[in-house]
2 protein chains.
Amino acid sequence: MGWVRTFRNNQFIALNDGSTNTNVQVVLTLGDFNEDLLKKITTGASVKVTGDVVASPGKGQKLELKAKEVEILGDSDPEKFPLQPKKHSLEFLREIAHLRFRTNTFGSVFRIRHALAFAIHQFFNEKGFVYLHTPIITASDAEGAGEMFRVTTLPMENAPKTPEGEIDFRKDFFGRSTNLTVSGQLEGELGATALGEVYTFGPTFRAENSNTPRHLAEFWMIEPEMAFCDLEDNMNLAEEFIKYIIRYAIQNNKEDLEFLAQRLEDEEKQKPQAERSEMGLMQKLQFVVDNSFERITYTEAIDILLQSPAYKKKKFQYDVKWGIDMQSEHERYLVEKHFKKPVIVTGYPKAIKAFYMRQNEDGKTVAAMDILAPGIGEIVGGSQREERMDLLVSRMNEMNIPAEELWWYLDTRRFGSVPHAGFGLGFERMVQFVTGMTNIRDVIAFPRTPKNADF
Amino acid sequence: MGWVRTFRNNQFIALNDGSTNTNVQVVLTLGDFNEDLLKKITTGASVKVTGDVVASPGKGQKLELKAKEVEILGDSDPEKFPLQPKKHSLEFLREIAHLRFRTNTFGSVFRIRHALAFAIHQFFNEKGFVYLHTPIITASDAEGAGEMFRVTTLPMENAPKTPEGEIDFRKDFFGRSTNLTVSGQLEGELGATALGEVYTFGPTFRAENSNTPRHLAEFWMIEPEMAFCDLEDNMNLAEEFIKYIIRYAIQNNKEDLEFLAQRLEDEEKQKPQAERSEMGLMQKLQFVVDNSFERITYTEAIDILLQSPAYKKKKFQYDVKWGIDMQSEHERYLVEKHFKKPVIVTGYPKAIKAFYMRQNEDGKTVAAMDILAPGIGEIVGGSQREERMDLLVSRMNEMNIPAEELWWYLDTRRFGSVPHAGFGLGFERMVQFVTGMTNIRDVIAFPRTPKNADF
């Protein structure tokens with residue numbers, strides 16, 4: 001049973017059940033089947049075929065199915081079925097995201113997405129990490145990682161008010177104002193400082209009005225957190241992790257990766273020579289697996305940028321100096337032009353990083369690490385966490401983070417505090433990197449973006 | 001490195017790193033360490049010990065760590081640390097959910113929860129299913145599975161209005177009214193009717209004011225969906241699946257399960273003899289793995305209830321007759337008293353089931369299946385889906401489901417419709433079943449319930 005991809009000469013059905021891009025060729029003997037049935041064998045229709053699997057005399061397949069019986073399970077009006085056997089644009093396919101899984105491109109993308117997700121669980125399971133489901137609905141907005149979505153059951157019209165005239169969130173479902181989580185990290189730290197090593201893999205949300213090929217309002221993130229672990233351990237784990245899951249895809253999704261590599265190569269041919277990638281998709285993945293990531297400090301990164309021809313020729317749109325939050329153009333220069341491989345940057349200025357990152361001895365920087373990947377930019381952000389209660393609280397005060405709201409977080413420093421570290425990986429960015437898809441909306445089933453929550 | 005569970009006689013530290021309930025015994029030679037250090041070795045403190053692993057002369061462990069150096073990583077004021085080495089009530093531990101992972105009970109529960117989650121991914125991966133991340137934020141409220149949480153970025157005070165005076169959701173983040181998902185099934189069907197076999201494993205939400213030991217506002221659900229699959233295949237898969245993940249826990253979490261079995265046995269001793277379980281936890285799990293689930297129709301279930309001594313003696317609170325939505329007391333009678341094992345009930349009246357379930361020939365029932373488990377009640381709900389366009393649309397019309405909003409769902413029936421089926425498993429109910437924990441709030445890290453979104 002499967003769906004008809006094409007039907008040629010009233011004889012050859014390319015049949016597909018969704019498990020692979022390789023169709024089964026079904027052969028119908030001319031004259032054995034009536035016209036009414038044959039007319040219903042159209043692209044998109046589903047059929048059940050009974051017959052004999054035999055060696056194929058034709059090119060392109062070793063075996064074929066010689067049909068004895070063909071039953072139409074569901075027909076598909078060729079005038080109306082939107083997926084014809086021709087090349088459709090990714091933009092068009094986004095509008096019919098409910099059907100695009102039926103194309104070779106999206107079949108490959110979503111099988112690879114699955115494989116990467118499984119590899120992630122397998123990696124952490126083998127290492128003895130505990131998968132922790134941190135809460136999606138949260139009353140905490142302390143991390144300040146970005147704009148949040150409100151979650152409420154109050155009526156939007158005439159919401160109940162306090163005597164002071166403010167919205168009375170005590171009457172809301174949770175008895176307080178709640179939002180969708182932007183990160184499971186703080187709760188991950190609660191797990192790690194008890195169970196040792198944990199990871200999350202769940203949805204996270206940003207209510208930012210960013211209509212770009214790099215942003216989603218709803219995306220999936222993986223956040224490991226390890227007790228008794230410093231920045232060096234953290235970098236080692238992140239590098240091993242990324243290589244592991246890419247290697248897994250190379251070993252388990254060869255056919256789908258090769259299909260997408262060819263697709264990317266065809267797409268690149270539309271570009272001027274200078275803009276084309278130096279490596280094909282397969283080459284790039286193998287290169288990442290085979291080579292050590294470059295490790296530099298933020299200060300070294302700024303120096304490289306200041307020495308670069310791009311800077312000297314004023315090709316950067318944004319200024320470069322110590323203290324800046326590097327822009328995408330800077331990160332891409334480092335990764336794609338200078339080192340030509342993934343780069344781990346450590347020791348960022350504390351002013352541009354979150355309150356929970358461990359302060360270095362220099363008083364200026366924190367034990368942060370970002371991993372930058374070719375074509376994607378930041379793919380991992382992490383740090384050793386500040387385990388020293390006094391330094392953590394004074395940093396929170398400086399940054400106006402309400403310590404009393406985070407009493408439970410501070411308890412981990414109050415009772416048996418330990419050195420610990422962790423990082424976050426944006427899952428869709430990783431899927432983009434492995435599949436070569438340039439728009440993040442093409443690697444998640446039903447993308448949520450400003451003004452779009454279809455399906 | 002680890003946390004001190006107990007420190008006896010200034011000599012013996014029971015040290016634990018969160019990976020197991022089995023502590024390492026650290027032995028300090030009397031007189032080798034100064035008093036100030038010894039005073040800081042308190043329950044909950046974290047320490048780093050360097051020394052030699054040697055055969056232990058004491059009872060209870062084969063090896064012990066003879067300490068050469070002890071470093072306090074983080075102290076823990078014994079006057080303030082809430083987890084003393086004594087039995088705390090589950091209610092008290094719920095209030096300090098950020099610390100309860102550090103107890104034996106919750107260490108075991110969350111390691112088993114992890115193992116079950118991994119087993120679920122492994123089961124489906126081995127079978128070639130694709131893990132599909134269906135959307136969390138959804139504009140669809142068509143399934144009618146329960147009350148929903150609104151997701152919005154509009155101000156609660158003075159939300160923008162249309163000229164007609166209604167809230168103008170076109171100005172909301174997604175350009176329309178959106179909610180948190182109650183199920184990924186409809187989107188799962190889109191995946192299955194393209195990729196063949198898919199499953200979801202993600203958070204789902206109910207804004208129901210149910211303050212019971214069985215309900216959460218935020219919980220995790222697994223929803224496989226299979227093309228070319230009927231009700232029989234669906235039942236077979238569900239039974240195989242449940243046995244697989246329980247077997248995985250029995251094989252991989254023996255120590256934690258035995259700990260929880262003992263805990264449950266102790267708890268049961270508080271109850272009158274008649275209310276105690278006939279089987280211990282380990283026995284119960286082995287029994288489920290070793291025996292076929294009973295399979296009966298809804299009509300047979302009603303007959304059994306009508307013939308039961310419980311019914312005849314009027315012991316049921318709710319009435320029994322064909323057509324009722326069976327109550328918990330009825331399900332428990334079937335499972336715990338009559339069959340004494342898991343039961344799959346099929347062929348429910350269509351009036352009490354969702355619009356998408358396939359209608360049987362009798363015109364009265366649908367190809368639904370629920371799996372009922374001892375002590376838990378409904379653990380799986382599933383069905384073969386209605387793949388016949390005309391029957392589906394007429395059922396939607398009868399139930400006032402707006403077909404135009406679900407155009408994308410209907411497209412799967414319009415273009416190459418196939419027989420397909422699937423089910424949903426509530427993950428926390430499964431964790432309860434395996435761990436023997438009686439309150440669902442004790443098997444999820446940070447439970448979300450009415451008036452509670454702590455941590």
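Apply the Karplus curve 6.51 cos²θ - 1.76 cosθ + 1.60, θ = phi - 60°, to the phi angles in segment A:412-418 and return the couplings in whole Hz, x for Gly and Pro.
5, 8, 7, 10, x, 4, 9
If each of A:Ala55 and A:Ser394 carries a label point 7 Å out from its Cα toward its Cβ, how far apart are those two points in nm?
Once both label points are built, they end up 8.2 nm from each other.
So what's segment A:116-275 giving for Rg/Rh, alpha carbon basis, Kirkwood Rh from the mean inverse pair distance?
1.10
Between A:Glu126 and B:Phe287, how many nm apart are label points set 7 Å from Cα along the C-beta direction?
Result: 3.9 nm between the two label points.
Using Cα-Cα distances under 8 Å and only pairs 6 or more residues apart, what relative contact order does segment B:268-373 have, in percent?
25 percent
Looking at segment B:266-369, which trypsin sites (Lys or Arg not before Pro) are DSSP coil and have at most 16 other C-beta atoms within 10 Å of their C-beta? Mind dumping the intermediate values first?
On the way: sites: B:Lys269, B:Arg276, B:Lys284, B:Arg295, B:Lys312, B:Lys313, B:Lys314, B:Lys315, B:Lys321, B:Arg332, B:Lys337, B:Lys340, B:Lys350, B:Lys353, B:Arg358, B:Lys364; in loops: B:Lys269, B:Arg276, B:Lys313, B:Lys314, B:Lys315, B:Lys321, B:Lys340, B:Lys353, B:Arg358, B:Lys364.
Here the sparse-neighbourhood loop sites are B:Lys269, B:Arg276, B:Lys313, B:Lys314, B:Lys315, B:Lys321, B:Lys340, B:Lys364.
Taking the Cα of B:Ala403, stepping 7 Å toward and past its beta carbon, and measuring to each backbone N in segment B:337-369: which are under 19 Å?
Under 19 Å, as judged by backbone N against the label point of B:Ala403, lie B:354-360 of segment B:337-369.
Can you pull out the buried accessible area for chains A and B, both sides counted, probe 1.4 Å, rounded to the nearest 100 Å²?
For chain A against chain B, roughly 8500 Å² becomes buried.
As an exercise, take the mean of 1/r over every pair of distinct alpha carbons in segment B:1-140, invert it, and state the Kirkwood radius in angstroms.
Working: mean 1/r = 0.0562 Å⁻¹.
After inverting the mean inverse Cα-Cα distance, the result is 17.8 Å.
Would you mind working out the accessible area per residue for the protein assembly as shown, using a 1.4 Å probe, and quoting it in Å²?
Accessible surface, normalised per residue, equals 42 Å².
For A:Phe33, place a label point 7 Å from Cα along the Cα-to-Cβ direction in every copy; what are the distances to the other copies, in nm, shortest first?
7.9
Apply the Karplus curve 6.51 cos²θ - 1.76 cosθ + 1.60, θ = phi - 60°, to the phi angles in segment A:175-186 and return the couplings in whole Hz, x for Gly and Pro.
Running phi through 6.51 cos²θ - 1.76 cosθ + 1.60 with θ = phi - 60° gives x, 6, 6, 10, 9, 7, 4, 9, 5, x, 4, 4 Hz.
At a Cα cut-off below 18 Å, give the lysines reachable from B:Lys353, other chains included and same-chain residues fewer than 8 away excluded.
Correct list for B:Lys353: B:Lys321, B:Lys364.
Can you give the charge dipole size of segment A:298-453 about its Cα centre, rounded to the nearest 20 debye, using +1 on the beta carbon of Lys and Arg and -1 on the beta carbon of Asp and Glu?
With Lys and Arg at +1 and Asp and Glu at -1, about 580 debye.
Please compute the Kirkwood hydrodynamic radius over chain B, one decimal place, Å, based on all pairs of different Cα atoms. Provide the component values of the computation, followed by the final result.
Working: mean 1/r = 0.0397 Å⁻¹.
One decimal place: 25.2 Å for the Kirkwood radius.
Rg to Rh ratio, segment A:274-357, alpha-carbon atoms and Kirkwood radius?
Rounded to two decimals, Rg over Rh is 1.00.
Counting Lys and Arg as +1 and Asp and Glu as -1, each charge on the Cβ, what is the dipole of segment B:276-361 about the Cα centre in debye, to the nearest 20?
240 debye
Distances from A:Pro82 to the same residue in each other copy, label points 7 Å out along Cα→Cβ, in nm, shortest first?
5.1
Considering every residue in A:110-119, what mean count of other chain Cβ atoms within 10 Å of its Cβ is obtained?
5
How high is the relative contact order of segment A:341-443, given as a whole-number percent (alpha carbon pairs under 8 Å, six or more residues apart)?
23 percent.
In whole percent, what relative contact order does segment A:151-300 give with Cα contacts below 8 Å and a gap of six or more residues? List each step's numbers first, then the result.
Numbers: 121 pairs, mean separation 21.6, N = 150.
After rounding, I find 14 percent.
Taking a 30 Å limit on the Cα-Cα distance, which of the listed pairs A:Lys271/A:Lys340; B:Lys127/B:Lys341; B:Lys271/B:Lys350; A:Lys340/B:Lys127; A:Lys59/A:Lys269 fall beyond it?
Values: A:Lys271/A:Lys340 20 Å; B:Lys127/B:Lys341 26 Å; B:Lys271/B:Lys350 40 Å; A:Lys340/B:Lys127 39 Å; A:Lys59/A:Lys269 28 Å.
B:Lys271/B:Lys350; A:Lys340/B:Lys127, as the Cα separations exceed 30 Å there.
If eta is 1.306 mPa s and T is 10 °C, what Stokes-Einstein diffusion coefficient results for the protein assembly as shown, Kirkwood Rh from Cα pairs, in µm²/s?
Numbers: Rh = 30.0 Å.
Reported coefficient: 53 µm²/s.
Put simply, what bits of segment A:209-257 lose 50 Å² or more of accessible area when the other protein chains are there, versus the chain on its own (1.4 Å probe)?
Listed in order, they are A:Glu218, A:Trp220, A:Phe228.
Please work out how much length the chain gains when fully extended from B:Lys451 to B:Glu69, using 0.36 nm per residue of separation minus the C-alpha to C-alpha distance, in nm with one decimal. Could the numbers behind the result be given before it?
Values: separation 382, 0.36 × 382 = 137.52 nm, distance 4.80 nm.
Additional length available on full extension: 132.7 nm.
May I ask which residue of B:Val70, B:Ser140, B:Ile96 lies farthest towards the positive end of the charge dipole of chain B, with charges of +1 (Lys, Arg) and -1 (Asp, Glu) on Cβ and the Cα centre as origin?
Value computed over the given set: B:Val70.
Provide the per-residue ³J(HN,Hα) series for segment B:234-243, in order, calculated from phi with Karplus coefficients 6.51, -1.76, 1.60 and θ = phi - 60°, each as a whole number of Hz, with x at glycine and proline positions.
4, 5, 4, 5, 4, 5, 4, 4, 4, 5
Residues with beta-carbon under 13 Å from that of A:Pro160, excluding A:Pro160: net charge, scoring Lys, Arg +1 and Asp, Glu -1?
Local net charge: -3.
Can you compute the FRET efficiency between A:Glu91 and B:Ala351 using 1/(1 + (r/R0)^6), with r the Cβ-Cβ distance and R0 = 30 Å? Round to the nearest 0.05.
Working from the Cβ atoms, E equals 0.10.
Can you return the lysines within cross-link range of B:Lys39? Criterion is Cα-Cα under 16 Å, with same-chain partners fewer than 8 residues away left out.
Partners within reach: B:Lys48, B:Lys80.
Chain A: which residue's Cβ hugs the A-to-B rotation axis most tightly, distance rounded to whole Å?
A:His121, 2
For A:194-201, what's the mean count of beta carbons from other chains sitting within 10 Å of each residue's beta carbon?
Working: counts 14, 10, 10, 3, 5, 1, 1, 3.
Neighbouring Cβ atoms belonging to other protein chains average 6 per residue here.
Output the antiparallel fraction of DSSP beta bridges having both residues in the protein assembly as shown, as a percent to the nearest 5.
Of all bridge pairs located within the protein assembly as shown, approximately 90 percent are antiparallel.
Per q in 0.13, 0.18, 0.23 Å⁻¹, report the Debye log10 I(q)/I(0) for segment A:1-68, using one uniform scatterer on each alpha carbon and no solvent.
For segment A:1-68 at q = 0.13, 0.18, 0.23 Å⁻¹, log10 I(q)/I(0) is -0.31, -0.62, -1.03.
Find the eigenvalues of the gyration tensor of the Cα atoms of segment B:302-455, then list the square roots of 5 times those eigenvalues as equivalent ellipsoid semi-axes, largest first, in whole angstrom.
Details: eigenvalues 192, 114, 40 Å².
Taking √(5λ) for each Cα gyration eigenvalue gives 31, 24, 14 Å.
With the crude spin-label approximation of a point 7 Å out along Cα→Cβ, what separation in nm comes out for A:Glu255 versus A:Phe339?
3.7 nm
May I ask for the distance between the Cα centers of segment B:396-436 and segment A:379-455, given as a whole number of Å?
33 Å
Any idea what the B:Ser292 label distances to the other copies are, label 7 Å down the Cα→Cβ vector, nm, shortest first?
Ordered by distance, the counterparts are at 6.1 nm.
Helix-only estimate, please: 222 nm mean residue ellipticity of the protein assembly as shown, summing -39500 (n - 2.57) across DSSP H runs of length 4 or more and dividing by its residues, to the nearest 500.
When only DSSP H runs of four or more count, the value is -9000 deg cm²/dmol.
The values are calculated or read from the model by the stated rules, or taken from the named source; none is laboratory data. Note that the structure is predicted; figures quoted are calculated from it, not measured. Every residue, glycine among them, receives a Cβ derived from its backbone with ideal geometry; neighbour counts consider all protein chains shown. The protein model used for the area step is the full one, side chains on, heavy atoms only, and it has no ligands, DNA or RNA in it. Shrake-Rupley method; radii C 1.70, N 1.55, O 1.52, S 1.80 Å.
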